[in-house]
Amino acid sequence: MRLAYAPYILHFREPAGTSRGILTEKPTFFIKIYDETNPEVYGLGECAVFPGLSPEADGRYGFKLMELLANIAIGRETDLSRHSSIMLGLEEAIRDFSSGGRGLYFQSPFTEGKQEITINGLVWMGTVEEMTRRAALKVEEGFKCLKFKIGAQDWTKELEMISAVRSHFPASQLEIRVDANGAFTPEEAMSRLEDLSHLDIHSCEQPIAPGNPAAMAEICRLSPVPVALDETLIGIFSQGGRRTVLDTIMPQYIILKPSLCGGFSGAEGWIEEARERGIGWWVTSALESNVGLTAIAQWAATLNSRMPQGLGTGGLFTDNFVTPLSLHADKLSYTPGGTIAREQFDALDWHS
């Protein structure tokens, strides 16, 4: 068995605003697993590292891929417990190879074209006017759940924007989620959550930055708006650590990004602990290309969650890959027998 990896840069169609800054491009790596006697049949995976968010995103990332490559060749195990994105990419590649390199990571009614996944629409940060316009367009397209990125602008203006959207679309018509990406201070978080509580908000994602579990626990206990943990889950590598986080903070929801919380296996560990505590959850992608998005969507479909999932659509990037996924209103579907065209990857700079 052999492994190869190739770097790739995804470019945004429009600059994407977050509370951590403006994104114009996103690096990623593809890996493939193959038998050296038949290299044309390979399993494809994506290591969607996220600079500025992934703890593994440092100058040693490439060396870890080299270590994995060498260890696969000699049949030695590689410790990927602290490399979520590589763990996920390897899990994807192995699953794809096991299915004959057909892009079938998880078989289900979804991949048979018999089931769809409901997703939320994402409204990126921008001016109040831009965000209001984008929200109206998403509703027009058929989305019944929207997530707003907040926390980078004047709070009064952001609140006015959400109020304006709610005045046009009542809670019976539109579910609103907000994502602060840790932008609120512990001192101001409760007053802002109180402001949001008057607007029938479904949940507020990561109101304060991770690293202050006592303050987050107090917020989750007192908040009039349900709180969802996201960044707080990153960097927790053991089942014991997961239990400690959930028992200490007791959020209403957790948000699972397999690229950031230990791959599919790590995310399933979080789900197991959340279910035991009555904590809700949903799956979110993390700016993967259509390779990772396809695998994550297939996995999410097997979980049978009825909540809108936070999966992307692949349309953010100018240089993405053709995929069997398609979006109709707020429903993500899969073309049976479809796969990502392998010839698109032939020109990449593969290291083997």
Practice prompt. Please identify the pairs in which a residue from the stretch 324-352 that is within 24 Å of residue 73 (Cα to Cα) has its Cβ atom under 6 Å from the Cβ atom of a residue that is among the aromatic types (Phe, Trp, Tyr), counting only partners at least 6 apart or on another chain.
Written response: 351/5
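Considering the stretch 67-94 alone, what residues qualify as being small (Gly, Ala, Ser) and in a helix (DSSP H, G or I)? Give the steps one after another, and end with the answer.
In the first step, residues of the stretch 67-94 are kept if they are small (Gly, Ala, Ser); the result is 70, 73, 75, 81, 84-85, 89, 93.
Scanning the stretch 67-94 gives 70, 73, 84, 85, 89, 93.
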Worksheet item: Right, residue 137: surrounded by fewer than 21 Cβ atoms within 10 Å (Cβ to Cβ), in the same structural domain as residue 310 (by TED's automatic domain parsing) and aliphatic (A, V, I, L, M) or not?
Response: yes
Discussion item. Against the definition (of a type in the set (Ser, Thr, Tyr) and in contact (Cβ under 8 Å) with a residue 12 or more places away in the chain), how does residue 132 come out, yes or no?
Written reply: yes
Worksheet item: Quick one: would you say residue 294 is out of contact with any Cys (no Cβ under 7 Å at 6 or more places or on another chain), not in a loop (DSSP other than H, G, I, E, B) and not assigned by TED's automatic domain parsing to the domain that holds residue 25?
Response: yes
Worksheet item: So, in the stretch 281-292, of the ones that are more than 13 Å from residue 10 (Cβ to Cβ) and touching a Ser or Thr at 6+ places or on another chain (Cβ under 9 Å), which residue ends up surrounded by the fewest Cβ atoms within 10 Å (Cβ to Cβ)?
Response: 281
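Table: residues versus (1) under 23 Å from residue 197 (Cα atoms); (2) buried (at least 18 other Cβ atoms within 10 Å of the Cβ); (3) in contact with a helix residue (DSSP H, G or I) (Cβ under 8 Å, 6 or more places away or on another chain); (4) outside the structural domain of residue 48 (by TED's automatic domain parsing).
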{"site": "211", "(1), (2), (3), (4)": "no, no, no, yes"}
{"site": "219", "(1), (2), (3), (4)": "yes, yes, yes, yes"}
{"site": "232", "(1), (2), (3), (4)": "yes, yes, yes, yes"}
{"site": "238", "(1), (2), (3), (4)": "no, no, no, yes"}
{"site": "241", "(1), (2), (3), (4)": "no, no, no, yes"}
{"site": "245", "(1), (2), (3), (4)": "no, yes, yes, yes"}
{"site": "248", "(1), (2), (3), (4)": "no, no, yes, yes"}
{"site": "251", "(1), (2), (3), (4)": "yes, yes, yes, yes"}
{"site": "255", "(1), (2), (3), (4)": "yes, yes, yes, yes"}
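When the stretch 24-60 is examined, which residues are found to be free of Cβ contacts under 8 Å to residues at least 12 places away in the same chain and either touching a strand residue (DSSP E or B) at 6+ places or on another chain (Cβ under 9 Å) or in the same structural domain as residue 313 (by TED's automatic domain parsing) (or both)? Step through it out loud before you land on a result.
Just the residues of the stretch 24-60 that are free of Cβ contacts under 8 Å to residues at least 12 places away in the same chain, to begin with: 37-38, 40, 57-60.
Of everything in the stretch 24-60, those that are free of Cβ contacts under 8 Å to residues at least 12 places away in the same chain and either touching a strand residue (DSSP E or B) at 6+ places or on another chain (Cβ under 9 Å) or in the same structural domain as residue 313 (by TED's automatic domain parsing) (or both) turn out to be 40, 57.
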Item to complete: Identify the single condition in (1) touching a His at 6+ places or on another chain (Cβ under 7 Å); (2) assigned to a strand (DSSP E or B) that residue 64 does not satisfy, given that it satisfies every other one.
Response: (2)
Practice prompt. State all residues of the stretch 257-278 that are crowded, with 18+ Cβ neighbours inside 10 Å and of a type in the set (Lys, Arg); if no residue qualifies, say none.
Written response: 257
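Would you call residue 97 in a helix (DSSP H, G or I), at pLDDT 95 or above, surrounded by fewer than 17 Cβ atoms within 10 Å (Cβ to Cβ) and out of contact with any helix residue (DSSP H, G or I) (no Cβ under 8 Å at 6 or more places or on another chain)? Full working, then the answer.
Values: in a helix (DSSP H, G or I): yes; at pLDDT 95 or above: yes; surrounded by fewer than 17 Cβ atoms within 10 Å (Cβ to Cβ): no; out of contact with any helix residue (DSSP H, G or I) (no Cβ under 8 Å at 6 or more places or on another chain): yes.
Criteria not met by residue 97.
Looking for something within 29 Å of residue 40 (Cβ to Cβ), outside the structural domain of residue 51 (by TED's automatic domain parsing) and not β-branched (Val, Ile, Thr) - is there at least one such residue anywhere in the stretch 307-315?
Kept after step one, since they are within 29 Å of residue 40 (Cβ to Cβ), are these residues of the stretch 307-315: 314.
With the extra rule that they be outside the structural domain of residue 51 (by TED's automatic domain parsing), the set shrinks to 314.
Right, trim to not β-branched (Val, Ile, Thr) and you get 314.
Yes, the conditions are met somewhere in the stretch 307-315.
The values are calculated or read from the model by the stated rules, or taken from the named source; none is laboratory data. Everything quoted here is computed from the prediction, not taken from an experiment. Quick reminder, even Gly has a Cβ in these numbers, built from the backbone with ideal geometry, and neighbours come from all protein chains shown.
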